[in-house]
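Enquirer: I'd like to ask some things about the structure below.
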Amino acid sequence: MFRGAYTALVTPFKNGQIDYSAFEALIENQMTKGIDGLVPCGTTGESPTLTEKEHGEVIAFAVKTARKRVPIIAGTGSNSTAEAIQLTRHAKEVGADGVLLVCPYYNKPSQRGLIAHFTAIADAVAIPQILYNIPGRSVINMAPETLAELSRHRNIVGVKEASGNLEQMIKLKTICSPDFDLISGDDTITLPVLSIGGAGVISVISNLIPQETSRIVHSYLEGKTDESRDLFMKYFELTKTVMSADVNPVGIKTVLALRGQIAEEYRLPLVPVSPEGREAIRIQMDRSGLLTAAGQKR
C-alpha cells in the first residue's frame, strides 16, 4: 500500500517552541523533490519530548500543509495501548492517510502482549497501520511469526523494520502475505531490503536528499538495479556518517542546520553533536557537494 520513499520528518524548534515556518518549508521542499510521503511525529521528529497538544498539532499541520499531494503517515505509537488508540484516532480525525506504531518500549511485553496491543489498536481505529520494529530503542524484537499473525488484520498493512536482521526480514517475507509491505527503517540497508522484496523505506537521510532517496527506491522497483545501486553507494558514506555521528535525529538536524534550513535546536535529553562528529558530517557533505549547493562557504 505504501510503496516508495517516505521521509521521517524532523521537528524544527526555535526558542523552545515548534518552528512551524521552517516545518512548512521542509514539507514543501520534500514534495517538490518528489518524495512519496511524509511521516511526522516519529523518533526522528523527537516525539518523546512533544507534549500531547504539540503531537496533535504537528500531525494536523503536516496534513494541512500536504493538502493530499502526498500521503501522511502519522507516528502514533506508545507503550500505553490506550494512549496509542487515542493518538491514532486523532490522526484519523485530522486526515492522516495511515499511522506508524512503534513496539511498546520500557514495559517489555511478550510476543502475546505485542499481538494483543497491536490488535487492540487495529480493532479500535479503521486506518492503515504500519508496525515499527526497532529493538534498539524498544528492547523488544517483534518475531516474524508475530508479524505474520498480525498481518492478517485488515488494518495492519506493513512493517517498518529497523532490527538490522536481514535473515529475520527474509523469513518475514516468506511467511506473510505478498501484499504485506516490508519497509526499510534503516537507510544504510535500504538496497538489501529492496533486494529481498521490500516495498521502500521510511528514511531519515531523505530529510537532506529526498530526490536521490526516491530515485534509489524507484529505480530498483522499476528494474533499474544498477542505477539504484550506484546511487545508493554514492551516498552511503554520507548516510553512515550522519546516522552514526550521534543518536538520531541529532545527525540529520546538524545537517539541516548547516544548510540553513532549521535552527540547530533539540529538546533535552538530546544535545548537539560533538565537534568531531560535526566536522565528520561537514566533510562528507562537502564531498557530496551539499554544502556548496546550500550556499555554504567551503
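The values are calculated or read from the model by the stated rules, or taken from the named source; none is laboratory data. Computed from a prediction, not measured in an experiment: that's the story for all the values here. Note: ideal-geometry Cβ built from the backbone for every residue, glycine included; neighbour counts use all protein chains shown.
Enquirer: Restricting to the stretch 177-196, count the residues that are at pLDDT below 95 and in contact with a helix residue (DSSP H, G or I) (Cβ under 9 Å, 6 or more places away or on another chain). Reasoning before the result, please.
Expert: Restricting attention to the stretch 177-196, the residues satisfying the condition of being at pLDDT below 95 are 177-179.
Okay, now just the ones that are also in contact with a helix residue (DSSP H, G or I) (Cβ under 9 Å, 6 or more places away or on another chain), so 177.
Here the count works out to 1.
Enquirer: With the requirement that a residue be outside any helix (DSSP H, G or I), of a type outside the set (S, T, N, Q) and at negative phi, what does the stretch 38-61 give you?
Expert: Quick first cut of the stretch 38-61, residues outside any helix (DSSP H, G or I) only: 38-42, 46, 50-51.
Okay, now just the ones that are also of a type outside the set (S, T, N, Q), so 38-42, 46, 50.
Matches in the stretch 38-61: L38, V39, P40, G42, L50.
Enquirer: Another question, if that's okay. Within the stretch 127-150, can one find any residue that is among the small types (G, A, S), farther than 29 Å from T241 by Cα, out of contact with any Ser or Thr (no Cβ under 6 Å at 6 or more places or on another chain) and surrounded by fewer than 22 Cβ atoms within 10 Å (Cβ to Cβ)?
Expert: The first filter runs over the stretch 127-150 and keeps only residues among the small types (G, A, S), leaving 136, 138, 143, 148.
Next, only the ones that are farther than 29 Å from T241 by Cα stay: 143, 148.
Now drop any that are not out of contact with any Ser or Thr (no Cβ under 6 Å at 6 or more places or on another chain), which leaves 143, 148.
Filter once more, keeping what is surrounded by fewer than 22 Cβ atoms within 10 Å (Cβ to Cβ): 143, 148.
There is at least one residue in the stretch 127-150 that is among the small types (G, A, S), farther than 29 Å from T241 by Cα, out of contact with any Ser or Thr (no Cβ under 6 Å at 6 or more places or on another chain) and surrounded by fewer than 22 Cβ atoms within 10 Å (Cβ to Cβ).
Enquirer: In addition: Answer yes or no: is there a residue in the stretch 267-279 that is touching a Leu at 6+ places or on another chain (Cβ under 7 Å) and not small (G, A, S). Can you show your working first?
Expert: Taking the stretch 267-279 and keeping what is touching a Leu at 6+ places or on another chain (Cβ under 7 Å), we get none.
No, the stretch 267-279 contains no residue that is touching a Leu at 6+ places or on another chain (Cβ under 7 Å) and not small (G, A, S).
Enquirer: Moving on. I'd like the full set of residues that are under 19 Å from the mean Cα position of the chain (by Cα), within 21 Å of L182 (Cα to Cα) and assigned to a loop (DSSP other than H, G, I, E, B), limited to the stretch 198-248.
Expert: The answer is G198, A199, V204.
Enquirer: Determine, yes or no, whether R69 is assigned to a loop (DSSP other than H, G, I, E, B) and surrounded by fewer than 16 Cβ atoms within 10 Å (Cβ to Cβ).
Expert: Values: assigned to a loop (DSSP other than H, G, I, E, B): yes; surrounded by fewer than 16 Cβ atoms within 10 Å (Cβ to Cβ): yes.
For R69, the condition - assigned to a loop (DSSP other than H, G, I, E, B) and surrounded by fewer than 16 Cβ atoms within 10 Å (Cβ to Cβ) - is met.
Enquirer: May I ask you to list the residues in the stretch 108-138 that are under 11 Å from S78 (Cα atoms) and among the polar types (S, T, N, Q)?
Expert: S138
Enquirer: Being farther than 21 Å from V159 by Cα and aromatic (F, W, Y) is the filter; apply it to the stretch 199-244 and report the residue that is surrounded by the fewest Cβ atoms within 10 Å (Cβ to Cβ).
Expert: F236
Enquirer: Hey, another quick one. Looking only at the stretch 165-197, count every residue that is over 19 Å from F236 (Cα atoms), within 18 Å of the chain's Cα centre (by Cα) and in a helix (DSSP H, G or I) and tell me the total.
Expert: 1
Enquirer: Would you check if T11 is in a helix (DSSP H, G or I), among the β-branched types (V, I, T) and either touching a residue at least 24 places away in the same chain (Cβ under 8 Å) or under 22 Å from L268 (Cβ atoms) (or both)? Break it down into steps so the answer makes sense when it comes.
Expert: On the way: in a helix (DSSP H, G or I): no; among the β-branched types (V, I, T): yes; either touching a residue at least 24 places away in the same chain (Cβ under 8 Å) or under 22 Å from L268 (Cβ atoms) (or both): yes.
The answer is no for T11.
Enquirer: Conditions first: (1) over 25 Å from A263 (Cβ atoms); (2) in contact (Cβ under 8 Å) with a residue 12 or more places away in the chain; (3) out of contact with any strand residue (DSSP E or B) (no Cβ under 9 Å at 6 or more places or on another chain). Q86 passes all but one, so which condition is the exception?
Expert: (2)
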